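Since every read-out is calculated from the coordinates, none of them should be taken as a lab result. A quick note: this is a predicted structure, and the numbers were derived from the prediction, not measured. Neighbour counts are summed over all protein chains in view; Cβ atoms, including those assigned to glycine, are modelled from backbone coordinates with ideal geometry.
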Amino acid sequence: MGMLVDGVWVTDAAYARKSDGQFVRRPSTFRDWITPDGSAGPGQRAGFRAEAGRYHLYISHACPWAHRTRIVRRVKRLEDMIGLSVVQSFMGEDGWVFGDEPGATRDTLNGADKLSDIYLLADPEFTGRVTVPVLWDIQEKTIVSNESSEIIRMFNSAFDEIGADRSIDLYPQDLRADIDAINASVYETVNNGVYRAGFATSQQAYDDAVQALFATLERIERRLATRRFLLGDTITEADWRLFTTLVRFDPVYHGHFKCNLRALRDYGNLWPYLRDLYQVPGISETVNMAHIKAHYYASHLRVNPTGIVPAGPILDLDAPHGRDRLSQRPAAVTRRPASPDRAR
């Protein structure tokens with residue numbers, strides 16, 4: 001896996017690991033903030049004003065971290081304010097690249113061939129991993145953020161005064177403590193937990209990751225027995241952060257990352273919950289399973305040396321979910337038809 005070192009692409013950079021074989025995720029680098037008035041967010045070195053047409057989102061359909069930003073862009077009705085470019089599914093020696101694969105785009109905004117070119121436009125001497133998502137400022141010609149958890153917070157509120165869907169609040173004030181607590185547990189053991197299992201290089205590291213992953217899935221399974229969504233009748237940021245891992249679970253993580261104590265479709269609550277979220281208007285269009293499977297199985301040759309992409313499993317995510325029986329009122333979801341994505 002490659003990375004940039006002092007502005008130069010190095011192809012033999014390995015995943016960061018501890019001496020005991022545990023996979024370690026490097027932190028994101030660009031951490032600035034978009035706010036309604038352009039003031040810097042808490043702990044940020046610079047602020048960027050929320051303006052229609054000023055920002056552009058670079059994503060991969062395969063990446064769960066990027067996927068969550070596309071979902072929030074969709075449910076907050078930001079497609080006409082924030083452009084979108086999509087890299088190809090395969091990540092080889094050059095990292096993420098643009099091209100003509102179905103579902104991918106060229107970078108008509110900056111004319112880049114590789115995502116690393118975007119990082120170098122922002123910082124010609126950049127050192128670090130070249131990851132998606134990337135939130136680009138067209139006006140300042142720089143990266144605002146490549147941290148997905150913060151990008152979705154910006155999308156949730158920063159654009160409300162200039163046309164975003166204010167009826168949707170994925171991080172309501174009265175639920176923030178609960179959302180933060182769920183996010184912390186889910187990130188460590190589920191979102192990142194599948195990677196800790198899949199990229200482990202020792203039996204103990206793998207065993208620890210898998211046990212923690214399935215312990216958390218069991219807790220969520222019990223929680224969903226009495227709640228339609230993680231925090232009741234309202235879909236929050238916590239649901240979408242979990243969704244992007246769950247929708248990849250049976251097609252990828254169960255086999256490719258050896259997270260196979262159970263398949264997601266073996267769970268009586270988690271499996272219908274996934275289908276419930278998938279069937280929210282506009283969400284199914286954000287899921288590109290061809291890109292997801294092609295990326296993981298063909299790109300991770302240390303895990304899958306043959307690069308063969310499996311044909312299955314066959315999953316019917318449109319099957320009735322029956323989760324509405326748990327609601328006291330209709331789920332708080334966007335009802336207006338989604339506008340098509342705009343790639344600049």
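What to note about this one:
- Order by protection proxy (mean Cβ within 10 Å, highest first), peptides 68-74, 177-183: 68-74, 177-183
- Label point distance in nm, residue 184-residue 125, each placed 7 Å from Cα along Cα→Cβ: 3.7
- Of the residues 158, 132, 143, the one whose Cα sits farthest toward the positive end of the charge dipole of the stretch 3-162, with +1 on the Cβ of Lys and Arg and -1 on the Cβ of Asp and Glu, is 158.
- Value of Rg to Rh for the chain (Rh from inverse mean 1/r over Cα pairs, i.e. Kirkwood): 0.94
- Normalising the average separation of contacting C-alpha pairs (under 8 angstrom, six or more residues apart) by the number of residues puts the relative contact order of the stretch 179-270 at 34 percent.
- Summing Cβ point charges (Lys, Arg +1; Asp, Glu -1) relative to the Cα centre of the chain gives a dipole of roughly 780 debye.
- Each of 119, 195 was scored by other Cβ atoms within 10 Å of its Cβ. Arranged with the fewest first, they read 195, 119.
- Proximity of backbone amide H atoms, modeled 1.01 Å from N, is registered between residue 107 and 112 at under 5 Å, excluding neighbours fewer than 5 places apart on the same chain.
- Each Lys and Arg Cβ is given +1 and each Asp and Glu Cβ -1; about its Cα centre, the stretch 3-162 then shows a dipole of about 620 debye.
- Mean sequence separation of contacting Cα pairs (under 8 Å, at least six apart), scaled by the length of the stretch 3-162, corresponds to a relative contact order of 29 percent.
- For the stretch 111-258: rounded, prolate or oblate by the Cα gyration tensor [a/c cutoff 1.5]: oblate
- Each of 327, 39 has some number of other Cβ atoms within 10 Å of its Cβ, and from fewest to most they run 39, 327.
- Helical runs assigned H by DSSP (4 residues or longer) give the chain a calculated mean residue ellipticity at 222 nm of -9000 deg cm²/dmol, each run adding -39500 (n - 2.57) before division by the residue total.
- Mean Cα-pair separation over length for the chain, i.e. relative contact order, pairs under 8 Å, 6 or more apart, %: 20
- Comparing mean-square fluctuations of 251, 310, 133 from a GNM of the chain with C-alpha springs under 10 Å, the top value falls on 310.
- Derived scalar couplings between HN and Hα for the stretch 84-90 equal 9, 10, 10, 6, 6, 6, 7 Hz in order, rounded to whole Hz, by the Karplus curve 6.51 cos²θ - 1.76 cosθ + 1.60 (θ = phi - 60°), x for Gly and Pro.
- Which of 9, 65 has the fewest Cβ neighbours within 10 Å, and the rest in rising order: 9, 65
- Cβ-based net charge around residue 142, under 10 Å, with every Lys or Arg adding one and every Asp or Glu removing one: -3
- Pairwise label distance in nanometres, residue 218 with residue 161, each label 7 Å out on the Cα-Cβ vector: 4.9
- Across the stretch 3-162, the convex hull enclosing all Cα atoms gives 124 Å³ per residue.
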